[in-house]
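Structure first, then comments.
The values are calculated or read from the model by the stated rules, or taken from the named source; none is laboratory data. All values derive from a computational prediction rather than experimental measurement. Backbone-built Cβ (ideal geometry, glycine too); neighbour counts: all protein chains shown. Just the protein is used for accessible areas: all its heavy atoms, side chains included, with ligands, DNA and RNA removed. Shrake-Rupley method; radii C 1.70, N 1.55, O 1.52, S 1.80 Å.
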Amino acid sequence: MALMVLLPLLISLFALLAPIILLVTACLYLWQLQWNLKRDKNWDLPLPPGSMGLPFFGETFHWLLQGSNFHASRRKQHGNVFKTHLLGRPVVRVTGAEHLRRLLLEEHNLVGANWPQSAQAILGSTSLANSTGDIHRHRRKVYARIFSHSALESYLPRIKQVVAETVRDWCARECPVTVYPESKKLMFRIAVAVLLGSSPSDKELTDLFTIFEQLTKNIFSLPLDVPGSGYRKGIRARDRLHQYFEKVIEDMLQSSSYKEYSTALSILINSSKEHGTEMSIQELKEAMVELMFAAYATTASASTSLILQLMKNPAVLAKLRMHLQTNGFWPESNTREDLLHLSDVTHLQYLDGVVKEVLRLLPPVSGGYRVALQTFELGGFQIPKGWSVMYSIRDTHDTAPIFQHPEIFDPDRFAKDQMKDKNARFQYLPFGGGVRRCLGKELAKLILKVLAIELASLSHWELATKTFPKMLMVPIVHPADGLKVQFSAQLCNKSKVAEVSLE
């Protein structure tokens, strides 16, 4: 009797759902077919394996939710070259030194710059990231002066002052410090000090930081220019930052303080003049946003990973302390004078290995975006003209044959001859490679080294939670809970450090 009653209901439900299921299936089929038909008919090679996901959204939501597992699972399923659809664009994801070598050495020939549409709009049309060809080459020459040896030497006192003040503040707190958001504040302060040389009030600095966080949070968003969208929020934050930078730039130009070559902004103004193309106010504003973005989020990620890895590997921390002590970077009192000089810091080999190993194990960004300028072959597949190509940094590090036991944190691996291998440059590339390799890599490493010296020589820190947090990989590497750590001031005794090291 019950079946007789339910049967008509089931039939009605099926009749209602069947058209919907059929429509969804047809949409998915047509979406996949559309991309399969976009293969270059002049090439016999097939498209890379993979899925284009849902109509319009592709696999963007899977990517955001799964983080590094997204690429790892698809690489396991499809190999080192596979297709997907992210942030509104067809993407070919590429892993492995043999593939990256070709991509990075064929910049401006096979591939060109291709940031997501949201990033292009927020960073601006004149930014280094969005420039190509001769314009890009000229702009890199202008920017290079910002990261020269003499420039880094002039930045170092400001970097050390900001880092030392921050570490002292962390150690003075009775409650645990949530490292990742605090590292972002630290890197923002350093960026303001280095790029602008200004010292905004605490309120002004807090307001600027809030605006900048809004920009970085939405720089990789779906390109939907509608009220309330991440894209619209990112654009609004960019405009507010431009207003602030315009006043700073105009004040500097009117006072002629830019002639002092003491800040990244002043060096940029002078360098552009010396190279024959004086940058406009709009170009300078976009440059400031881009430089602060480059100096902020990724370095905050790396500094958090540095603290995490030294905490997880106490033997490495003990060896680092002995290394600093041996080389004279060891305080005898809490009122020490400035002991840091650029030439001394750059010759601390074990410290250099620690920073490099952090960037190998947990590179802040997973890869770089390019666009195919012409159809070409890679790994036995065709990459159609106009498609995005995303090369993987993290996966390449994990699978690089020069790194034995890649899961182990071992700074000594960078003291070995393996890094002299001619292929090493494409197996280790935390700052990218080719003509678009990060210009600010030496500044980033310097900041991390100063932070490591201050932390290792003057403080003690331990995890404030029962277990280490899960590391999330999108949009950049960061701990799921922010990494809660208890810091305390501790002027380490030399003999105690030696005992720990010997153990």
Among the residues of region 111-129, what is the count of those that are in contact with a helix residue (DSSP H, G or I) (Cβ under 7 Å, 6 or more places away or on another chain), over 18 Å from Leu224 (Cα atoms) and surrounded by fewer than 20 Cβ atoms within 10 Å (Cβ to Cβ)?
2
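Can you name the helices (runs of 4 or more DSSP H) wholly within region 70-157 that have at least 2 residues being without any contact (Cβ under 8 Å) to a residue 40 or more places away in the chain? It would help to see each step written out before you state the result.
Values: elements: 97-105, 117-123, 133-144.
Helices (runs of 4 or more DSSP H) meeting the threshold: 133-144.
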For region 133-158 the number of residues that are β-branched (Val, Ile, Thr) and within 21 Å of the chain's Cα centre (by Cα) is 1
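How many residues, within region 370-383, are in a strand (DSSP E or B), of a type outside the set (A, V, I, L, M, F, W, C) and surrounded by fewer than 21 Cβ atoms within 10 Å (Cβ to Cβ)? Working first, answer last.
Restricting attention to region 370-383, the residues satisfying the condition of being in a strand (DSSP E or B) are 370-372, 376-378, 381-383.
Retained after the next criterion (residues that are of a type outside the set (A, V, I, L, M, F, W, C)): 370, 377, 382.
Keeping just the survivors that are surrounded by fewer than 21 Cβ atoms within 10 Å (Cβ to Cβ) gives 377.
The total comes to 1.
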Kindly list, by first and then second residue, each pair from a residue in region 158-175 that is of a type in the set (Gly, Ala, Ser) to a residue that is part of a helix (DSSP H, G or I) and open to solvent by less than 10 Å² (accessible area, probe 1.4 Å), limited to pairs with Cβ atoms under 9 Å and residues at least 6 apart or on different chains.
Ala164/Val450; Ala164/Glu454
When you go through Asn36, Asn69 one by one, which is the residue that is polar (S, T, N, Q) and over 21 Å from the mean Cα position of the chain (by Cα)?
Asn36
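Could you tell me whether Tyr258 is modelled with pLDDT under 90 and crowded, with 22+ Cβ neighbours inside 10 Å?
Numbers: modelled with pLDDT under 90: yes; crowded, with 22+ Cβ neighbours inside 10 Å: no.
In short, no.
Looking only at region 154-184, how many residues end up being among the charged types (D, E, K, R) and under 19 Å from Thr299 (Cβ atoms)?
Applying the first criterion (among the charged types (D, E, K, R)) to region 154-184 yields 158, 160, 165, 168-169, 173-174, 182, 184.
So of that shortlist, the ones also under 19 Å from Thr299 (Cβ atoms) come out as 158, 160, 165, 169, 182, 184.
Number of matching residues: 6.
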The condition from (1) assigned to a helix (DSSP H, G or I); (2) open to solvent by less than 20 Å² (accessible area, probe 1.4 Å) that Val389 misses is numbered (1)
Here's a check for you: in region 451-468, which residue that is part of a helix (DSSP H, G or I) and over 14 Å from Ile190 (Cβ atoms) is most open to solvent (accessible area, probe 1.4 Å)?
Leu458
Of (1) touching a residue at least 40 places away in the same chain (Cβ under 8 Å); (2) in a helix (DSSP H, G or I); (3) surrounded by 16 or more Cβ atoms within 10 Å (Cβ to Cβ), Pro181 satisfies every one except (3)
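In the set Leu448, Leu443, Leu472, which member is under 16 Å from the mean Cα position of the chain (by Cα) and either surrounded by fewer than 20 Cβ atoms within 10 Å (Cβ to Cβ) or basic (Lys, Arg) (or both)? Break it down into steps so the answer makes sense when it comes.
Values: Leu448 fails: either surrounded by fewer than 20 Cβ atoms within 10 Å (Cβ to Cβ) or basic (Lys, Arg) (or both); Leu443 fails: either surrounded by fewer than 20 Cβ atoms within 10 Å (Cβ to Cβ) or basic (Lys, Arg) (or both).
Result of the check over Leu448, Leu443, Leu472: Leu472.
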